[in-house]
1. Residues of region 453-463 being in contact with a strand residue (DSSP E or B) (Cβ under 9 Å, 6 or more places away or on another chain) and either open to solvent by 10 Å² or more (accessible area, probe 1.4 Å) or at pLDDT below 95 (or both), which ones?
2. Of all residues in region 281-304, count the ones that are open to solvent by 40 Å² or more (accessible area, probe 1.4 Å) and over 23 Å from residue 255 (Cβ atoms).
3. What number of residues within region 117-156 satisfy the criterion of being free of Cβ contacts under 8 Å to residues at least 60 places away in the same chain and either in contact with a helix residue (DSSP H, G or I) (Cβ under 8 Å, 6 or more places away or on another chain) or basic (Lys, Arg) (or both)?
4. Residues that are crowded, with 19+ Cβ neighbours inside 10 Å, under 17 Å from the mean Cα position of the chain (by Cα) and part of a helix (DSSP H, G or I): does region 42-64 have at least one?
5. Could you tell me which residue of region 412-428 is nearest to residue 83 (Cα to Cα), considering only residues that are without any contact (Cβ under 8 Å) to a residue 24 or more places away in the chain, open to solvent by 20 Å² or more (accessible area, probe 1.4 Å) and not in a loop (DSSP other than H, G, I, E, B)?
6. Pull up region 124-152, narrow it to residues that are of a type in the set (S, T, N, Q) and within 22 Å of residue 269 (Cβ to Cβ), then point me to the one that is farthest from the chain's Cα centre (by Cα).
7. Looking only at residues in region 357-399 that are of a type in the set (Ser, Thr, Tyr) and without any contact (Cβ under 8 Å) to a residue 40 or more places away in the chain, which one is least open to solvent (accessible area, probe 1.4 Å)?
Amino acid sequence: MTKRYQTIFIISIIISLALMFGGLGAIDLISLNGGRRALAIKEMFLSGDWLIPRLNGQLYLTKPPLLYWLSLDLSLVIGHVNEWTLRLPSAFAALATLCMIYHFVNKKFGAWPALFTAQILLANAGFTMLARRAEIEMLLTALCVGSLISALLYVKERQNKYYIYFSYFLLGLAVLTKGPVALLFVTLPLIISLLWTKDENLKQVLSNIKGWAVFLVIGLSWYAAVTWQLGFNIWEAIAKHDMLDKIQSAEATKPFLSYLAWIAVDFLLLLALLLIKPKALWQKYLNNKTWLAILVAVIVPLIVFSLFGNKHAKYLLPIYPFIAVILGLQLANIFESASDLIQKIILTLSVLLPLTFAIFYLFIEPHVFDYRVSAFPKFQAWQQSATKAELYAYDEVDSRLIYYADQPIKVLDLDTLKSMRNQKNDFYLLVESDKAHELQGFTECFLNEFKPYLKKKKSLIVFGFGHVCDAQRIGKNS
């Protein structure tokens, strides 16, 4: 290992730590899905029920709870749930993914490909963003990558069957993170690879009875416990909503090639590297079964998910590390045959691009997304000083608002609101500004407005009913 390599390696470690952990709790919950995870975790923490997730007091079984459990463990240490405990599992998962992919590529392909692979991931918009969010995808990525790498290590070396068991153990945890979709990132690519290569070692991995037993015990444990408590019928609606509807969804269906476009953007168009002497890259690794398995691990999920009606860029995050491997190998080939000047340019960019992302998250992101979160602390301050009464929301309520309200917020339709008003109930009604016009003539008093709320031109309005309006009435009469 040369001195130049050691220097770049150390700088990359420092940047990666800044990217994953720097200012992790400095901004409130940005994303809607992050709000759902945060609320489910908070409700589990307050109720003490770690088996049955709930969202705003209602059953929320569409996602298994491994991410919740990890965050709850961290929350128990400090005694409460906050942005740090919500996001640390994703940050650690991202760091683990980087370490695993670096070690794997270094062992199979060499030092420079390993370093370039890690740096390409560190300069990836989707990877770094989800490393800092309270969402499921980064944990799923770490577990799927670890499972696939463990299987490939056994296929290549066949020295230790514990690689097989560890692969199935991680796959079981992946199912506990996001359900059976994990099989599309690990098992399906391995099956396709076996059909392609006829590799006996890979066949041993896929037919290992003890490994599958480990997987089933781990992966089905939560499902079995919930079924025992709530009955088998509980899964019917969830399977329809979370699986069939997403596969068959015609609503807002995106083009077949959407994932390719998102991948190109997330990798800063580094896919163009593959246009530089692509034949040389293919010929170099044509007979390398590990290389072929990596290709399959990228292509198969990409095709399968592209067939689904419901598409989101983050759904394919588990293939990002393997795309980075392919690009890292190509960049290493270019680097090794380049002039000294080109090598210096490559090394400079390999540091500057991840550093730019680190600077963004540390110093710029809180200002860029302030409009999404600035209402939450103001709302909390008002809530603490307001007269105690029930909180309701008209038509819909964002999970992030419930999280910061520290109490369930029931949603009312117009008919229910009229009935509660006629009964002279005391309550607050939260209404998003774009729906306030629907309530003209049905509100008793205006109490507050928080803006911007989630969007730059949107606000959250608080109306009062019953005795919570008394102070305002007294002010008018005087």
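The values are calculated or read from the model by the stated rules, or taken from the named source; none is laboratory data. Computed from a predicted structure; not experimentally measured. Here Cβ is always computed from backbone atoms with ideal geometry, including for glycine, and neighbour counts include all displayed protein chains. Surface areas here come from the heavy atoms of the whole protein model, side chains and all, with no ligands, DNA or RNA. Shrake-Rupley method; radii C 1.70, N 1.55, O 1.52, S 1.80 Å.
1. Within region 453-463, 454, 458, 461, 463 qualify.
2. Qualifying residue count for the region: 6.
3. Residues flagged as free of Cβ contacts under 8 Å to residues at least 60 places away in the same chain and either in contact with a helix residue (DSSP H, G or I) (Cβ under 8 Å, 6 or more places away or on another chain) or basic (Lys, Arg) (or both) within region 117-156 amount to 9.
4. No, every residue in region 42-64 fails to be crowded, with 19+ Cβ neighbours inside 10 Å, under 17 Å from the mean Cα position of the chain (by Cα) and part of a helix (DSSP H, G or I).
5. 416
6. Step one: filter region 124-152 for residues of a type in the set (S, T, N, Q), giving 124, 128, 141, 147, 150.
From what's left, within 22 Å of residue 269 (Cβ to Cβ): 124, 128, 141.
Numbers: 124: 14, 128: 10, 141: 9 Å.
Among them, the one singled out is 124.
7. Result: 392.
Let's see how each residue does on (1) within 30 Å of residue 347 (Cβ to Cβ); (2) hydrophobic (A, V, I, L, M, F, W, C); (3) assigned to a helix (DSSP H, G or I):
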site	(1), (2), (3)
121	yes, yes, yes
132	yes, no, no
135	no, no, no
142	yes, yes, yes
151	no, yes, yes
171	no, yes, yes
175	no, yes, yes
192	no, yes, yes
